[in-house]
Amino acid sequence: MSVSAGIPAQASNVSEHALALYDQQLAQGSPQQARQSLIDALAEASEQAWLECGRTLVLRTELEAAMEVFAAATARYPASADLTLGLAGLCWQMQRQAQAEARLRDWLSGHPGDIAASFLLVRLLREQGRMQAAAETMLKLFEHGPHDEDTVIQAVEMLDDYGRPQDASRICEMAIAAGSADPRLHAYAGMLGIQLGQFERVREHYDFALSHDVRAVEWNIPIGLSGLQRYRDADHPDFALFREVLGRPGLSEQARTTTLFALGKAHDDLADHAQAARYFSEANARAHAARAWPRKQWKRAVEARLTAPAYSWTLPSPADWTPVFIVGVPRSGTTLLAELIARHPQVCNRGELGWLQVIAQRLSLTPASERKPFEEAAALYATQLRQDDSNAHWYIDKQPLNLLHIDLIMALWPNARIIHCERDARDTALSLWSQSFHDQAHDYAYDFNDIATVIQGCRRLMAHWCKRYPASIRTVHYEALVAAPDDGVAALAEWLGLPAAASLESTQQGRGISTASAWQARQPVHTRSAGRWRDYAPYLPELLRIPEH
């Protein structure tokens, strides 16, 4: 697309003429004089001419010149939203975040309903790990008046992605209270309510969406409903709903698969293991056929970690905070353990961040001798982990498969503590196989052979890491934890060095649980899931081929 697309021809001609003079003087070796000549040539130009000139310079990566043009243009046209946002975006691109933030806040003080400026500021704040400030900015936008549903949804998705489900839910509820009857908003409100533990409200939202839009069954509502409670009676209306959904013509393969998972879960609650196994088997067969998990790639990744030498250096440990990584095979108790530890007032649980994987990919081709990229990566992760809403000392990242990167963790943060969750392999396999995952990273979970491959790889890696970093890793067995949770948490608290606390109640009411354990993790700790695989062994002989330990 042409840079001048959508710009009047006269403005384009003025911009081209000014840039020609600039290029001519630049060729003579006088950058400063060339920039001044450019600004002089644009002195009486229209807003659009300034805008085109600035954009052209950005595309040519002549950022200093573009900065001078945008700065002069905003002085000439202070009421121009395009020029103001262009200048703020350029400041951000040039790593002048404070200037960008100041420009945007000044603009929003006079234009509080500006959607583009608000979203740009939210993204800027998020990059700095200032999630609370980002949420406050977004909320302020919606407090200054209603916006269309698509804008609401964009805001909700952003805040949910930033780990702020309570704020995202508030925006949804504000729009609904203001009169929006869009079923999509009710579906989003329901999804957020699950994370926040507002289970009765979730059903209200989901019922509204289902009764007002035939497409609502395609929005993961059946699987969402199945996770709101433990079913006690086969006459619960959800059973009839799930079966009715499966009988609908034109139902997508994805919706059919997730609804089968919902029925499997419902029958599992009733201890109807034979029927649950049938539904789970069909659901997994469909999911496995639709997705290809790269087993060879996984094996290569494990071998690469096992054979890689340890880093020959470590960065200095942060003095005022300690990262805690809870790792293990997914569905091994990581969510439960993180919630229990985070009841301590000096512990903050960030859930499954995902940033360590991003950092590891960025550093994978960086020679270990180049320390600066590693320092920058450690700083980036720290901003995303610590954020701006907590004065905790211990911060938890419970992404289970961070266990692939223990060597990188110990190089970047020598004071890090690794808690390894281990659970009976057959129970872990059954729990994985019983879930409908939205993340492609868990595509192995639909086939017992793939699950066994992941479990084997994780155990080999953890044995390797425990030998290399014995003082930094503590293994917690799921079965022992659920049998005596207070004892298990007390032992971990002592190992972590947590001070005695007057109260061990959760102080993170606004932080949601976005994993499949959203309902279970909020219930009293129980031992029902320990040895659960035995109930399914008659119907799933594949379980017997997975070693128990």
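Here, each number is a calculation from the coordinates, and none is a lab measurement. Note that the coordinates shown come from a computational prediction; the quantities given were computed from them, not determined experimentally. Reconstructed Cβ throughout: ideal geometry from the backbone, glycine too, with neighbour counts over all protein chains shown.
Of note:
- Inter-label distance, Lys299 to Thr61: 4.2 nm, where each label sits 7 Å from its Cα along the C-beta direction.
- The angle between the Cα long axis of helix 485-496 and the longest principal axis of the Cα atoms of the chain comes to about 50 degrees, rounded to the nearest 10.
- Förster radius 56 Å - calculated FRET efficiency between Met94 and Thr307 (Cβ-Cβ, nearest 0.05): 0.85
- Ordering of 391-399, 70-78, 25-33 by packing is 391-399, 70-78, 25-33, highest average first (other Cβ atoms within 10 Å, averaged per residue).
- Each label point was placed 7 Å from the Cα along the Cα-to-Cβ direction; for Leu21 and Arg343 their separation is 7.3 nm.
- Distant-in-sequence amide H partners of Val327 (H built 1.01 Å from N, under 5 Å): Ile419, His420, Cys421
- Whole-angstrom gap from segment 464-488 to segment 239-261, using each part's C-alpha centre: 41
- For segment 148-222 and segment 353-388, distance of Cα centres in Å: 34
- Our estimate of slack between Ala285 and Glu157, defined as 0.36 nm per intervening residue step minus the Cα-Cα distance, is 43.0 nm.
- Using Cβ point charges alone (K and R +1, D and E -1), the dipole size of the chain about the Cα centre works out to roughly 1820 debye.
- Theoretical gain in end-to-end length, Arg105 to Gln33 [0.36 nm per residue, Cα-Cα removed]: 22.7 nm
- Cα-based shape type of segment 220-290, given that a ≥ b ≥ c are square roots of the gyration tensor eigenvalues and the cut on a/c is 1.5: oblate
- Taking label points 7 Å from Cα along the Cα-to-Cβ direction, His464 and Asp207 give a separation of 5.3 nm.
- Sequence-distant lysines (8 or more away, or on other chains) whose Cα lies within less than 29 Å of Lys299: Lys398, Lys467
- Extension reserve of the Arg534-Glu200 stretch, reckoned as 0.36 nm per residue once the Cα distance is removed: 117.0 nm
- Loop-located trypsin sites (Lys or Arg not before Pro) in segment 199-257 whose Cβ has at most 13 other Cβ within 10 Å (DSSP): Arg232
- In the chain, the longest principal axis of the Cα atoms and the axis of helix 31-41 are about 70 degrees apart.
- Report summary: the helix-based calculation at 222 nm, which adds -39500 (n - 2.57) for every DSSP H run with n ≥ 4 and divides by the residues of the chain, gives -18000 deg cm²/dmol.
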